[in-house]
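Data block below; observations after.
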Amino acid sequence: MPYVDRQNRICGFLDIEENENSGKFLRRYFILDTQANCLLWYMDNPQNLAVGAGAVGSLQLTYISKVSIATPKQKPKTPFCFVINALSQRYFLQANDQKDLKDWVEALNQASKITVSMCVTLLSSEEGMHLCPALDFFGAGGNPDGSRAFPRGVF
């Protein structure tokens with residue numbers, strides 16, 4: 001079950017497919033660290049590992065384009081499975097149950113969003129320079145600070 005640790009990171013155990021399409025899943029301890037912009041996985045909870053034991057895998061959150069529940073066609077015999085699409089690779093992970101699946105997919109999708117600040121665009125014309133508000137292709141709304149969060153890969 002994912003939980004938030006004292007450093008405000010999402011942590012917990014998941015099974016990760018050793019190599020894409022191998023069908024062999026390995027139990028690993030995952031840390032979603034939004035401050036460091038990465039997803040790390042370890043052989044076990046780092047508190048249980050020897051001093052200096054590092055992560056066995058990592059993924060920069062900026063590389064993630066999509067996180068979704070795996071289809072039965074992708075992983076027919078793997079319940080509670082989801083896939084992370086990052087660059088040209090796919091990472092298949094398996095949660096313990098439906099709630100864990102939902103929690104991890106939501107957390108990863110939220111962490112892999114980018115924030116685009118609203119800006120002011122200068123357009124030139126024969127009359128000179130005019131200050132125009134930025135075009136809003138995504139409708140009204142946004143964050144209180146004037147920025148907007150869009151999923152990676154929108155642009």
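Against the conditions (1) without any contact (Cβ under 8 Å) to a residue 60 or more places away in the chain; (2) within 22 Å of Lys113 (Cβ to Cβ), Ala95 satisfies every one except (1).
Looking across region 10-54, the residues that are surrounded by 18 or more Cβ atoms within 10 Å (Cβ to Cβ) and among the charged types (D, E, K, R) come down to Asp15, Glu17, Arg28, Asp33.
Of the residues making up region 62-92, those that are assigned to a loop (DSSP other than H, G, I, E, B), surrounded by fewer than 15 Cβ atoms within 10 Å (Cβ to Cβ) and in contact (Cβ under 8 Å) with a residue 24 or more places away in the chain number 1.
For first residues located in region 105-118 and under 10 Å from Thr34 (Cβ atoms) and modelled with pLDDT of 60 or more, partners that are hydroxyl-bearing (Ser, Thr, Tyr) and surrounded by 13 or more Cβ atoms within 10 Å (Cβ to Cβ) and lie 6+ apart or on another chain with Cβ distances below 6 Å form the pairs Ala111/Thr34.
Among the residues of this structure, Ala53 does not count as one that is at pLDDT 95 or above and over 20 Å from Tyr3 (Cα atoms).
The values are calculated or read from the model by the stated rules, or taken from the named source; none is laboratory data. Remember, it's a predicted structure, so these values are computed and weren't measured experimentally. When we count neighbours, we look across all protein chains shown, and the Cβ atoms used for this are built from the backbone with ideal geometry, even at glycine.
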